[in-house]
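Worksheet: the structure to be examined is printed underneath.
The values are calculated or read from the model by the stated rules, or taken from the named source; none is laboratory data. Not measured: the values here are computed from a predicted model. No Cβ is skipped: glycine too gets one built from the backbone with ideal geometry, and neighbour counts run over all protein chains shown. The protein model used for the area step is the full one, side chains on, heavy atoms only, and it has no ligands, DNA or RNA in it. Shrake-Rupley method; radii C 1.70, N 1.55, O 1.52, S 1.80 Å.
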Amino acid sequence: MESLERTPLFSRHEALGAQMVPFGGWEMPVQYPTGILKEHLSTRARAGLFDVSHMGRFIVRGDEALPFLQHALTNNAAALEVGQSQYTLIPAPDGSAIDDAYLYRFFSDHYLLVVNAANRRKDWQHLRTVAKQFKAVSLTDSTSEFAMLSLQGPKAKTILQSLLPGGVLPEPQRNELSTTHFGDHEMWLARTGYTGEPLCFELFFPAGQSEAVWDRLVDQGAQPVGLGARDTLRLEASLPLYGHELGDDPQGNPIPIFAIALARFAVSFSPLKGEFIGKAPLQRQFQALAEILEGRFDLLANLPYRVRPLEIIDKGIARAGAPVFDQGSPIGHITSGTMVPYWVFEGEGLASELTEQSGRRAIALGYIDSRIEDGAIVTVDVRGKRLQAGVMPYLLRSEAPPHARAITWQRFRQGLETKNGASAAADQALQWTQRALENHTWRQRQCINLIPSEQTPSPLVRLLSISDPAGRYAEHKPVKAFADADIFYYQGTDFIAAVEEALAEQMRLYLGCRQIDARPISGQMANMVLFSAMVDHLNRTDRKSEQRRIRRVMNHHIIKGGHLSAQPMGALRDYVMRDPTTERPAVINFPVLADNPYNVDVDACRDLMERYRPELIILGKSMTLHKEPVAAMRQIIDDLQLNTILHYDMAHVLGLCGPHFQQPFAEGADLVTGSTHKTFFGTQRGVVAANFEPDDTITMPLWEAIQRRAFPGSVSNHHPGTLLGLLLAAMEMNAFKDQYQPMVIKNAKALARALKTSGLAVAGDPAIDHTETHQVIVEVGYAQGADIARRLEENHIVCNFQATPEEEGFTASGALRLGVAEMTRFGMQPEHFETVAQLMADVILRRQDVREEVMKLREGFIEMQFCFCGAEFDDVIDQLHAIV
């Protein structure tokens, strides 16, 4: 009998009383005295620590390492930059899996491939055979040289930071990597794992350091977890296990790779891969899946069964091999199944919180007929008893860090149902009117609004916005047959035309530019107008071919505070190419300073711009503490002779534009967009601006494209009512900006200083009082932002929680984003913001109730400043009140 191998932590498992079992040729802990259920729950609530040193670890080197990996694996290894990893599979020629694996690129000169322990020798022989086709590739089995631990769960990040106080964690996105040190020894870190946890880390380090690393992690609160809970956790996350969801079915037939949901992420058909192993059958599976997802089954023979998550509705547990039926007909079998625990959350949405209560449910993965839809109820034969089971799209969701949340069958079904209430329409109207009055009173008279993206328009602006022309149409565009005169498509629009021209003039005066289009009805739409116009402009010489998108865009990453509308997930999505190498949107992000992630590293930008030569650079952020490096970007563009459009999305800082802050066109911006309701005085709209020479034969066609994409490209009814309101707001801005803008910046600095003095952690550079804008960022503790923002709201201080550049997403937010613009407009000055800071500290640090103090403070700031008011406007305001 072959002796079992042992990991470097075998003695630690024995000392902890672990039950040791054979697994994949290794002697491994299946559970500790705490038991599988507690280990599972501890991972979901805190952090689980897994010894995964039994997994195979192969190093791939050589000049042909990349071609070898492209041929031997399903994913596109060329997409990996240093510091990135990817899930992949080792395919067989028939399109089934020899194994699934993870490919890491910690360094430029080699790759690390991690495979399953039970398949290590088989994988090694297969890969060595494939490698014979490549002269300049070397494979090394380094499994015994260094250890591998997995740290998973909501507290994993905190625990790991305590282990590595000077180390750099990977960027807060899955599959990101970093290298650091534990003592004098190198340690590699990966945001990967096999549990479905959003906070997941895997650690690689010399085997001799195993006990020291393990002990430190356990001392910091990590719960040792064995193979039993590792399996329940992966099953709850619907992750495949070789020999169950991958490999062969019970009849010995190979399971197609696209039967598992992860295949869509693990298989690439990039031209960079060439003819890799199993490509043709995988393409057939992929085409079949595409049709199946559309409800068509002409290619069903290529993918007759798929692995689907199930919850057992009746009492009982489905185990691997149990037959599955639909209305009495066999449709497949269970591949994995067991009883798992789950934590109960209380509350709705962001207010939901982990309780001390847990439940249990029987779940499974089933290899069943591809025609079965989510939500269907099937039956499973468990020792002759037919149990009902619900087919679900998932059993766990992980997109709201730091917690993963179980999705039960009952909760899933509730989400599919619609609820209708019945009451008299008049009663509903009265109730909603009363609620609106209460809300208006609270927001305008009883609370202090510190949301940096909001602004209350002046009374006159609000009244004009609901007067006629609200509800009217005024479509128009310049027609060359009439010497580019604007031609309106409706009658009764002379007044609206005059409003638009007056607004354009006010905005040209304010921004210091020649061209304005104020028809977009939001800042996001303004960006879409610009992006679509760029695509139109780039294709101006070829109107017959499929339009090409923008080849490369440089912007702020959303985690670093970038605008959503400038992201591939936002308005940019349909207008930027896919990078053929990475198979992701062709976007590169501004590097940030190591000691200040809120500021751009301009020097590092030059190398990126020279390498990628972006066609569009987008400056501007949602989390903004600094001026944007407009002039520096212009200088680099000119030095490198780039054919690049420099765009500044001033959404948050449009109301600060000018000599007191930034003058983008004077600094070299080509285009400016913005929202007109953040620091600007309202209404809620958007604007696109340029300063092109009227006779420039290159840039003026771009401006004409912008006008076309505004109308008819983006809007038909461009809301002339709020357009009229914006005209008065622009007049107010031009009249009062020299008093308002310096006060905003002065107040923001005062608030930042006072918050710091009160004991709160204020982000940004203290040398400039933490901010150059209207915003202040306060760090309140990892994943505490939502709860603290809610507590502040209960005390009538309204702000928004924000993820810092080190955090995984908005649900993991550990900061508050504050803005002073609206309360500045209501007359607050530095000493008042100092009072606000103290009240916030009382709520955040001491959990005091300050509602009465906040409402009393607000009583002194009800009347709006920096606006047209006084005796000369009273009569016209009364008349407007009478008719609207």
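Here is a check on your reading of the model: is K627 closer than 29 Å to A763 by Cβ, open to solvent by 10 Å² or more (accessible area, probe 1.4 Å), under 17 Å from the mean Cα position of the chain (by Cα) and touching a residue at least 24 places away in the same chain (Cβ under 8 Å)? Answer is no for this residue. Taking residues in the stretch 520-549 that are farther than 17 Å from V672 by Cα, and partners anywhere that are open to solvent by 10 Å² or more (accessible area, probe 1.4 Å) and among the acidic types (D, E), the pairs with Cβ atoms closer than 8 Å and at least 6 places apart or on different chains are L538/E615; Q547/D536; R549/D574. So which residues in the stretch 93-114 are touching a residue at least 40 places away in the same chain (Cβ under 8 Å), among the β-branched types (V, I, T) and under 21 Å from L282 (Cα atoms), if there are any at all? Correct list: empty. Please go through the stretch 744-764 and pick out each residue that is open to solvent by 40 Å² or more (accessible area, probe 1.4 Å) and either modelled with pLDDT under 95 or part of a helix (DSSP H, G or I) (or both). The answer is K746, K749, R753, K756, T757. When Q327, Q283 are screened for being surrounded by fewer than 17 Cβ atoms within 10 Å (Cβ to Cβ) and over 29 Å from R383 (Cβ atoms), only Q283 passes. Restricting attention to the stretch 526-551 and to residues that are open to solvent by 40 Å² or more (accessible area, probe 1.4 Å) and either hydrophobic (A, V, I, L, M, F, W, C) or in contact with a strand residue (DSSP E or B) (Cβ under 9 Å, 6 or more places away or on another chain) (or both), the residue that is farthest from A669 (Cα to Cα) turns out to be R549. Consider the stretch 340-353 and keep the residues that are hydrophobic (A, V, I, L, M, F, W, C) and open to solvent by less than 60 Å² (accessible area, probe 1.4 Å). The one that is farthest from Q388 (Cα to Cα) is A351. With respect to (1) within 27 Å of D601 (Cβ to Cβ); (2) of a type outside the set (A, V, I, L, M, F, W, C); (3) out of contact with any helix residue (DSSP H, G or I) (no Cβ under 7 Å at 6 or more places or on another chain), the lone exception for S716 is condition (1). Quick check, is C657 at pLDDT 95 or above and either more than 20 Å from M733 (Cβ to Cβ) or open to solvent by 10 Å² or more (accessible area, probe 1.4 Å) (or both)? No. Just checking, how many residues over the stretch 227-255 are open to solvent by less than 20 Å² (accessible area, probe 1.4 Å) and either among the hydrophobic types (A, V, I, L, M, F, W, C) or closer than 16 Å to G366 by Cα (or both)? Qualifying residue count for the region: 11. Counted as qualifying within the stretch 163-269 are the strands (runs of 3 or more DSSP E) with 3 or more residues that are among the aromatic types (F, W, Y), namely 200-206. Taking the stretch 282-325 as the range and being assigned to a loop (DSSP other than H, G, I, E, B), of a type in the set (A, V, I, L, M, F, W, C) and in contact (Cβ under 8 Å) with a residue 24 or more places away in the chain as the test, the residues that pass are F297, L303, I313, I317, A318, A320, A322. For the stretch 668-680, the count of residues that are in a strand (DSSP E or B), modelled with pLDDT of 95 or more, of a type in the set (S, T, N, Q) and closer than 22 Å to R514 by Cα is at least one. Check the stretch 302-313 and report whether any residue there is more than 26 Å from R386 (Cβ to Cβ) and modelled with pLDDT of 95 or more. Yes, the conditions are met somewhere in the stretch 302-313. Every residue in the stretch 11-60 that is surrounded by 16 or more Cβ atoms within 10 Å (Cβ to Cβ), acidic (D, E) and part of a helix (DSSP H, G or I), please. E39, the sole residue that qualifies.
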